[in-house]
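Peer 1: Sharing a structure below in structure tokens format, with a few things to ask.
The values are calculated or read from the model by the stated rules, or taken from the named source; none is laboratory data. Please read all numbers here as calculations on a predicted model, not as lab measurements. For neighbour counting, all protein chains shown are included, and Cβ atoms are generated from backbone atoms with ideal geometry for every residue, glycine included.
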Amino acid sequence: MKISEKSNVIKVIHMLGLTHSDRITSLPPPPTSLPSTKPMAKAQLTERQREVYELVRSLIRERGYGPTVREIGEHFGIRSPNGVMCHLRALERKGLITRKANKSRAIELTGEDARSPTGLPLAGIVRSQPTDIDVNATDVVDLGKILADGDRFVVQLSGDSLASRGIHDGDYIVINKQDNVQAGQLAAIETSPGNISLRYWYPTNGHVELRNGDRNSPPVTVLNPKVVGVAVATVRTAL
């Protein structure tokens, strides 16, 4: 060791409060690469974990949202919810799914499996002024996944009763299942067992007026209408 190097080492020893008998060792070299964050190979799954994963993936692709813990348990004959949760936690640790807290249908896929076969490219955000867009964009918007957030179903409108509100013959209406409705909302009302009617809800003096889209049409007055759900979105079939 050169004299200059030796003096520098002595200075460091005094600065650190060490004695000459203390041994100074060099730090280990930094890792050449960071640990991989990619999902683990499906080959590392147990047979039951693979079965649960395939069920989750197939249901998400078929209907747009994943199964509940109860549905998984019933499908595989697992009586304990904790038994199902053990498999879901294992899939989450291995990077194959994610779960959102406090939501019954909170399971989502990751990686390539998260891509929806019905998703559409998000080309850009269009403003009133000319805007550059990319029709070959890789970002994908899955409208089915957006519209299926919650316990919902879809009905198709026949006729022009709601045309004045911008909802036309052949359009699809997404209904969120719920029994509470606010004034002015478009609600699905059960008029007879198995039959529903779409009407705007207006409570008045102990009863409810149900109106269609035509403000000039007389409302229908009912005492105890049964609310099936509330409209949350419409999908136009033509412009």
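Peer 1: More than 28 Å from the chain's Cα centre (by Cα), at pLDDT below 90, acidic (D, E) and exposed (fewer than 13 other Cβ atoms within 10 Å of the Cβ): which single residue out of D139, D132, D160 fits that description?
Peer 2: One residue alone meets the criteria, D132.
Peer 1: For the subset of region 96-118 comprising residues that are in a loop (DSSP other than H, G, I, E, B) and at pLDDT 70 or above, which member is farthest from the chain's Cα centre (by Cα)?
Peer 2: Among those that are in a loop (DSSP other than H, G, I, E, B) and at pLDDT 70 or above, it is L96.
Per-residue answers, yes or no, for (1) at positive phi; (2) in a strand (DSSP E or B); (3) of a type in the set (V, I, T):
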{"residue": "I173", "(1), (2), (3)": "no, yes, yes"}
{"residue": "N176", "(1), (2), (3)": "no, yes, no"}
{"residue": "A187", "(1), (2), (3)": "no, yes, no"}
{"residue": "E190", "(1), (2), (3)": "no, yes, no"}
{"residue": "L198", "(1), (2), (3)": "no, yes, no"}
{"residue": "E209", "(1), (2), (3)": "no, yes, no"}
{"residue": "V230", "(1), (2), (3)": "no, yes, yes"}
{"residue": "L239", "(1), (2), (3)": "no, no, no"}
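Peer 1: A follow-up question, please. Take Q178 and decide whether it is modelled with pLDDT of 90 or more, loosely packed, with under 13 Cβ neighbours inside 10 Å and of a type outside the set (G, A, S).
Peer 2: Answer is no for this residue.
Peer 1: Would region 194-211 turn up any residue that is at pLDDT 90 or above, within 26 Å of the chain's Cα centre (by Cα) and not hydroxyl-bearing (S, T, Y)?
Peer 2: Within region 194-211, none of the residues are at pLDDT 90 or above, within 26 Å of the chain's Cα centre (by Cα) and not hydroxyl-bearing (S, T, Y).
Peer 1: For region 71-88, state whether one or more residues are modelled with pLDDT under 90, charged (D, E, K, R) and surrounded by fewer than 12 Cβ atoms within 10 Å (Cβ to Cβ).
Peer 2: no
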